[in-house]
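Step one of this worksheet: look at the structure below.
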Amino acid sequence: MHLINFKGLSGQQLMEMVDKAIEVKQNPEKYGKALDGKSLAMIFQKTSTRTRVSFEVAMTQLGGHALYIDWRTTNFAIADIYDETQYLSRNVDCIMARFLRNADLQVMANASRVPVINGCDEKYHPSQAIADLMTMKEKKGKLKGLKLVYIGVHNNVCNSLIEGCTKTGVKITTVTPIFNKPSRDNELLEEAKKTGLYETTLDVKQAVKDADFVYTDTWVDMEFFTDPKFAAEKEKRLRLMMPYQINKELLHGSSAYIMHDMPIHRGYEISSDVIESSKSIIYEQSGNRLYSAKAILLKLLGKY
Ligand code: CP
């Protein structure tokens with residue numbers, strides 16, 4: 001079993017992963033040797049703080065071992081992903097990969113003899129969404145019937161939230177004036193629409209009115225943030241997106257919890273005072289990446 005997105009998982013299976021993450025957080029000692037002798041290869045084409053740290057610490061705390069591999073320092077950079085994965089999957093028990101392109105991750109998954117976890121590509125970010133759902137359930141004691149509003153650019157995080165929410169009974173409204181073309185997955189959106197739990201609007205004021213959670217993400221993906229070739233597009237995005245910033249004015253009258261998958265760009269998608277407000281659960285949410293990683297590793301390595 002791989003975890004590329006949530007397409008192969010039922011709502012119940014996804015819910016089990018969320019509940020496992022909560023249980024592992026509450027009973028860390030029970031899982032201290034669960035992955036004794038197991039190795040996770042973590043290979044990155046892009047930068048990361050949370051995904052790298054959470055999976056590496058998760059392996060240590062579960063009794064296993066993780067190897068951080070920078071793509072550029074390996075022969076993946078000069079050879080076929082298929083061939084290199086044939087080797088890699090003979091020496092480790094699981095692979096977590098952060099690739100630029102989902103198509104390359106699919107090649108890796110096809111070549112691998114061991115489970116492959118998507119550490120965030122241009123289409124999906126499943127380990128983030130499990131941490132998000134876990135955080136929401138911790139706050140409200142349930143998922144079914146909750147309402148989340150995602151405000152920002154329709155991207156990989158947005159896709160996985162849509163899948164995760166609609167499969168676990170959470171109503172999700174997206175307010176996304178910009179759609180990242182490489183993130184488009186019509187099948188995912190059609191499946192979400194069928195549940196009656198997904199809608200999209202540009203009426204941001206109306207959308208946040210009765211929201212339990214308001215969620216945002218960067219307007220510019222990490223690989224482009226400091227890229228001079230993307231400077232004009234970045235300026236265009238900032239102009240278009242500023243009216244959709246999460247700030248006190250937008251949240252007036254709202255009692256929603258505030259979420260962000262991080263890294264944050266203060267003063268852009270979210271104002272500093274909202275990050276620091278009592279309704280912000282952003283840092284707590286980021287801390288839950290560790291338990292999301294543990295639940296995923298335990299599942300994929302056959303421990304529940
Ligand atoms: N949210 C997230 O995936 O963080 P990193 O990019 O730091 O891993």
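Check every one of the strands (runs of 3 or more DSSP E) wholly within the range 84-174 and list those with 1 or more residues that are away from the ligand (no atom under 16 Å from the Cβ) and in contact with a Leu (Cβ under 6 Å, 6 or more places away or on another chain). Walk me through how you get there before you give the answer.
Numbers: elements: 94-98, 116-118, 147-154.
In the range 84-174, the matching strands (runs of 3 or more DSSP E) lie at 94-98.
Please indicate, with yes or no, whether at least one residue in the range 112-123 is on the phi > 0 side of the Ramachandran plot and not polar (S, T, N, Q).
Looking only at the range 112-123, we keep the residues that are on the phi > 0 side of the Ramachandran plot, and these are 120.
Filter again for not polar (S, T, N, Q), leaving 120.
Yes: the range 112-123 contains one or more residues that are on the phi > 0 side of the Ramachandran plot and not polar (S, T, N, Q).
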Would you check which residues across the range 52-93 are closer than 12 Å to residue 111 by Cβ and in contact (Cβ under 8 Å) with a residue 40 or more places away in the chain and list them? 88
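In the range 175-186, what count of residues is obtained for those that are in a helix (DSSP H, G or I) and touching a residue at least 60 places away in the same chain (Cβ under 8 Å)?
Filtering the range 175-186 for residues in a helix (DSSP H, G or I) gives 181-183, 186.
In the following step, the residues that additionally are touching a residue at least 60 places away in the same chain (Cβ under 8 Å) were identified as 182-183.
Here the count works out to 2.
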Flagged pairs (Cβ under 6 angstrom, 6 or more apart or on separate chains; first in the range 253-264, at positive phi; second within 15 Å of the ligand (Cβ to nearest atom)) are 262/286
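For the range 29-51, how many residues meet the condition of being outside any strand (DSSP E or B), touching a residue at least 24 places away in the same chain (Cβ under 8 Å) and either touching a Ser or Thr at 6+ places or on another chain (Cβ under 6 Å) or not hydrophobic (A, V, I, L, M, F, W, C) (or both)? Give the derivation first.
Filtering the range 29-51 for residues outside any strand (DSSP E or B) gives 29-38, 45-51.
Checking which are touching a residue at least 24 places away in the same chain (Cβ under 8 Å) leaves us with 31-38, 45-51.
Applying the additional criterion that residues be either touching a Ser or Thr at 6+ places or on another chain (Cβ under 6 Å) or not hydrophobic (A, V, I, L, M, F, W, C) (or both) yields 31-33, 36-38, 45-51.
Residues flagged as outside any strand (DSSP E or B), touching a residue at least 24 places away in the same chain (Cβ under 8 Å) and either touching a Ser or Thr at 6+ places or on another chain (Cβ under 6 Å) or not hydrophobic (A, V, I, L, M, F, W, C) (or both) within the range 29-51 amount to 13.
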I need the full set of residues from the range 52-74 which are within 16 Å of the ligand (Cβ to nearest atom) and in a helix (DSSP H, G or I), in order please. 52, 53, 54, 55, 56, 57, 58, 59, 71
The lone exception for residue 199 - which of (1) under 25 Å from residue 163 (Cα atoms); (2) among the charged types (D, E, K, R); (3) within 16 Å of the ligand (Cβ to nearest atom) it fails: (3)
Hey, does the range 31-48 have a residue that's over 19 Å from the mean Cα position of the chain (by Cα), of a type in the set (Lys, Arg) and modelled with pLDDT of 95 or more? yes
I'd like the full set of residues that are crowded, with 17+ Cβ neighbours inside 10 Å and in contact with an Asp or Glu (Cβ under 9 Å, 6 or more places away or on another chain), limited to the range 42-64. 42, 43, 44, 45, 50, 62, 64
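Looking at 215, 257 in this structure, which one is aromatic (Phe, Trp, Tyr), within 16 Å of the ligand (Cβ to nearest atom) and either within 28 Å of residue 292 (Cα to Cα) or more than 20 Å from the chain's Cα centre (by Cα) (or both)? Give the steps one after another, and end with the answer.
Details: 257 fails: within 16 Å of the ligand (Cβ to nearest atom).
Exactly one residue qualifies, and that residue is 215.
For the range 35-48, indicate whether the set of residues that are of a type in the set (Val, Ile, Thr) and within 16 Å of the ligand (Cβ to nearest atom) is non-empty. Give the derivation first.
Kept after step one, since they are of a type in the set (Val, Ile, Thr), are these residues of the range 35-48: 43, 47.
Imposing the further condition that a residue be within 16 Å of the ligand (Cβ to nearest atom) reduces the set to 43, 47.
Scanning the range 35-48, I find at least one residue that is of a type in the set (Val, Ile, Thr) and within 16 Å of the ligand (Cβ to nearest atom), so the answer is yes.
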Over the range 248-273, the set of residues surrounded by 23 or more Cβ atoms within 10 Å (Cβ to Cβ) and hydrophobic (A, V, I, L, M, F, W, C) is 259, 270
Matching residues in the range 68-80 - criterion: being surrounded by 13 or more Cβ atoms within 10 Å (Cβ to Cβ) and within 21 Å of the chain's Cα centre (by Cα): 68, 69, 71
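Going by the conditions given, is residue 141 without any contact (Cβ under 8 Å) to a residue 60 or more places away in the chain and at positive phi?
Working: without any contact (Cβ under 8 Å) to a residue 60 or more places away in the chain: yes; at positive phi: yes.
So residue 141 passes the test.
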Checking residue 121 against (1) charged (D, E, K, R); (2) surrounded by 23 or more Cβ atoms within 10 Å (Cβ to Cβ); (3) touching a residue at least 60 places away in the same chain (Cβ under 8 Å), which test does it fail? (3)
If I ask for residues that are closer than 30 Å to residue 141 by Cβ, assigned to a loop (DSSP other than H, G, I, E, B) and not polar (S, T, N, Q), which ones from the range 192-229 would you list? 196, 197, 203, 209, 210, 211, 212, 217
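The values are calculated or read from the model by the stated rules, or taken from the named source; none is laboratory data. What you are looking at is a predicted structure, and each value in this text was computed from that prediction instead of being measured. Cβ sites come from the backbone with ideal geometry, for glycine too, and all protein chains shown count toward neighbours.
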